Amino acid sequence: MTPPPPPRRLALVEVRIDEDDLHQLRETRACLDRLLALRPGRVEVDLSGCRRLDLAALHLLRDVHRRLAEVRAVLAVRAADPEVRRSLRAAGLEPSLPAPADQEGRVR
């Protein structure tokens, strides 16, 4: 029998990822690893600073999504450009997406 996950230490972690972070994916992955070690119940990733996501960035978000799901936590992606949302949908991350952002990049 699998033991229950450890108790959550944080309810919510909010992260903003922009184009520069995607060019330094190893550092971004290390930062997300440290955040996931805090055992959040929900991680909200703001992608308003990204116009597109390459395969490596999609793989990173999919991995974060998988790791959170394993401990019954949630990944939510917000404020994503329509092109980014299409990429996320194609990668199978659409169910974790909240309502689309308005022109200022805020979630409605």
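Quick notes on this structure:
- Hits in region 18-46 - residues which are modelled with pLDDT of 90 or more, of a type in the set (A, V, I, L, M, F, W, C) and surrounded by 12 or more Cβ atoms within 10 Å (Cβ to Cβ): CYS31, LEU32, LEU35, LEU36, VAL43, VAL45
- Residues that are over 14 Å from ALA80 (Cβ atoms) and not acidic (Asp, Glu) were ranked within region 47-64; the one that is surrounded by the fewest Cβ atoms within 10 Å (Cβ to Cβ) is LEU55.
- The residues in region 82-95 that are of a type outside the set (D, E, K, R), surrounded by 14 or more Cβ atoms within 10 Å (Cβ to Cβ) and out of contact with any helix residue (DSSP H, G or I) (no Cβ under 8 Å at 6 or more places or on another chain) can be counted, and the count is 1.
- Of everything in region 70-81 that is under 12 Å from the mean Cα position of the chain (by Cα) and without any contact (Cβ under 8 Å) to a residue 60 or more places away in the chain, the residue that is surrounded by the fewest Cβ atoms within 10 Å (Cβ to Cβ) is VAL74.
The values are calculated or read from the model by the stated rules, or taken from the named source; none is laboratory data. Just so it is clear, the model here is predicted, and its values are computed rather than measured. Every residue, glycine among them, receives a Cβ derived from its backbone with ideal geometry; neighbour counts consider all protein chains shown.
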